[in-house]
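The structure appears right after this line, and notes come after that.
Derivation of every value follows stated rules applied to the coordinates shown; laboratory data play no part. Just so it is clear, the structure is predicted and the values come from calculations on it, not from any experiment. Note that we place each Cβ from the backbone using ideal geometry, even for glycine, and neighbour counts take in every protein chain shown.
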């Protein structure tokens with residue numbers, strides 16, 4: 001299942017970068033939960049695809065052009081996938097250039113849980129891995 005889980009997360013990056021919000025929504029389990037990194041302006045958590053998509057759409061209103069760019073390999077451990085990435089955005093508000101690590105829990109081909117971290121080592125520790 002590891003490569004299949006990595007493929008799901010890669011598909012999420014592809015959908016985001018293509019601005020394919022319907023494709024993105026289709027990746028989420030009905031019981032999905034997303035947790036923002038500590039100190040994020042909208043702290044969440046967001047529960048369910050509708051809540052998550054509302055958050056993503058609000059972000060997309062501010063940043064008219066944005067991309068997610070992986071900067072590490074996709075790391076899999078059991079049903080979770082982690083990747084460090086840059087999020088670049090330009091638009092009506094200030095430009096953004098953030099570096100985050102996301103951990104996605106994938107079950108039966110759908111994303112059940114996502115958690116974001118500022119600190120890559122902390123994220124790997126949550127997964128039970130060393131940097």
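Structure above, values below:
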{"quantity": "Output for segment 75-131, where each listed residue is surrounded by fewer than 17 Cβ atoms within 10 Å (Cβ to Cβ), touching a residue at least 60 places away in the same chain (Cβ under 8 Å) and closer than 18 Å to residue 14 by Cβ", "calculated": "109, 110"}
{"quantity": "Filter result (farther than 20 Å from residue 67 by Cβ and surrounded by fewer than 16 Cβ atoms within 10 Å (Cβ to Cβ)) within segment 1-25", "calculated": "1, 2, 3, 4"}
{"quantity": "Within segment 29-50, considering residues that are more than 16 Å from residue 116 (Cα to Cα) and in contact (Cβ under 8 Å) with a residue 12 or more places away in the chain, the one surrounded by the fewest Cβ atoms within 10 Å (Cβ to Cβ)", "calculated": "30"}
{"quantity": "Some residue of segment 79-90 being over 16 Å from residue 116 (Cβ atoms) and in a helix (DSSP H, G or I)", "calculated": "no"}
{"quantity": "Sole residue being touching a helix residue (DSSP H, G or I) at 6+ places or on another chain (Cβ under 9 Å), under 22 Å from residue 10 (Cβ atoms) and free of Cβ contacts under 8 Å to residues at least 24 places away in the same chain, chosen from 22, 66", "calculated": "22"}
